[in-house]
Amino acid sequence: MLPGFDPRPWGGYDLSPIYPNHKFAERIGEAWLTGDDCKVANGPLKGKTLSQLSEQYQRELVGDAARDARRFPLLLKFLFPQEKLSVQVHPDDERAHQIGQPWGKTECWYVAHAKPGSQIALGLKPGVTTAQLEQAIHDKCAEDLLNWLNVYSGDMIYVAGGTVHTLGPGSVIVETQQQSDTTYRLYDYGRPRELHLEDGLAAVNERVASGKVIRPAAKQIGKTNNRQAHLIAAPYFVVDMFEIREELELSTRDDSGNRSVQILVAVEGCGVVEIPGLEPITLAKGDAVVVPALLDKFRVRPQWTLEILKSYVPGKILPEPETRM
């Protein structure tokens, strides 16, 4: 996929360490990897968007697990906050249905890099009500009512729809989310951008399952030198980390037997994705490769060591993950 670089006032001109060779004339906050309008970079489908391909190939691309055969199910992006993001909220499925949208926006954040002191805000402090948050917004002190957490490289954060949240500066985040861009800005530190208080406050859930995901340590894969860490398993997405030192075979099927499109994002190193009968695809830091569901088996071969995130829609109903604040 070709990354789509999106200007944001809280972004930066230097997107190191992910894209150290890219220089920008305006502040870039996000690099979109699998948005509806993101384009294929290579091969016979070069230049086609994911929305066009989803409409054309449907289950062959997105798989059995996706809710809508004609819509690419997951949006992945890198975030590069150099200043605080606005305090915001996304609707959950229930709220999205009430306003005529097909689904909400639950997401997760993998912390690829974090400078010392990097923080996020996640949810309201215990006992704080939506009415109190609204008053604090008018009093210009909304951030004082949020749970602020220190974050470190390797953390996985679950952000359920309805969670008031923001990112502080200093980290690089890989975001995996439902394919939606519905964001309600509640508070923006006086920056001259539109707020969405009526819709946003209606979408706030005072009690949420969001937090740092509690997960087991990485494990060796069989007798290989490869390692796998299960970062998160949630209702809308599963994200695993692979540290690959030798050839690794993967599948588009999970343990349910259902197929799902696989999204590979390289966070360190370089390698190739190989599928029998097709040209190998280079996968280097910052790249995303989409493996259509119908392809079943594929291999990833590293050049030295390669670290990737593999995201997909689970083929069975999963509960929300266990988290802590």
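The values are calculated or read from the model by the stated rules, or taken from the named source; none is laboratory data. Worth saying up front: this structure is predicted, and the values here are computed from it rather than measured. Positions of Cβ are generated from backbone atoms using ideal geometry, with glycine treated the same way; all protein chains shown enter the neighbour counts.
Residue-level analysis places PHE5 among those that are within 25 Å of VAL273 (Cα to Cα) and outside any loop (DSSP other than H, G, I, E, B).
Taken over region 250-285, residues that are part of a loop (DSSP other than H, G, I, E, B) and surrounded by 20 or more Cβ atoms within 10 Å (Cβ to Cβ) amount to 2.
Looking only at residues that are β-branched (Val, Ile, Thr) and touching a Cys at 6+ places or on another chain (Cβ under 7 Å) in region 147-192, which one is surrounded by the most Cβ atoms within 10 Å (Cβ to Cβ)?
Here is the first cut: in region 147-192, the residues β-branched (Val, Ile, Thr) are 151, 157, 159, 163-164, 166, 172-174, 176, 182-183.
Now drop any that are not touching a Cys at 6+ places or on another chain (Cβ under 7 Å), which leaves 157, 159, 176.
On the way: ILE157: 23, VAL159: 25, THR176: 28.
Here the answer is THR176.
Annotation: of all residues in region 43-64 being in a loop (DSSP other than H, G, I, E, B) and either modelled with pLDDT under 95 or of a type in the set (Lys, Arg) (or both), the one that is farthest from the chain's Cα centre (by Cα) is PRO44. Set side by side, the residues ALA209, ALA229 differ, and just one is small (Gly, Ala, Ser), under 21 Å from LYS316 (Cα atoms) and in a strand (DSSP E or B), which is ALA229. Of all residues in region 110-117, none satisfies being touching a residue at least 40 places away in the same chain (Cβ under 8 Å), part of a loop (DSSP other than H, G, I, E, B) and aromatic (Phe, Trp, Tyr). Out of curiosity, is PRO314 assigned to a loop (DSSP other than H, G, I, E, B) and touching a strand residue (DSSP E or B) at 6+ places or on another chain (Cβ under 8 Å)? So PRO314 passes the test.
Checking each residue in region 222-240 for being surrounded by fewer than 17 Cβ atoms within 10 Å (Cβ to Cβ) and touching a residue at least 24 places away in the same chain (Cβ under 8 Å) picks out THR224, PRO235. Of the set (1) buried (at least 20 other Cβ atoms within 10 Å of the Cβ); (2) closer than 24 Å to SER260 by Cβ; (3) of a type outside the set (Gly, Ala, Ser), all apply to PRO102 but (1). Scanning region 99-122 for residues that are over 18 Å from the mean Cα position of the chain (by Cα) and at pLDDT 95 or above yields LYS115, PRO116, GLY117, SER118. Within region 301-312, residues that are of a type in the set (S, T, N, Q) sit with their Cβ atoms under 8 Å from residues that are outside any strand (DSSP E or B), at 6+ positions apart or across chains, in these pairs: THR305/ARG245; SER311/PHE237.
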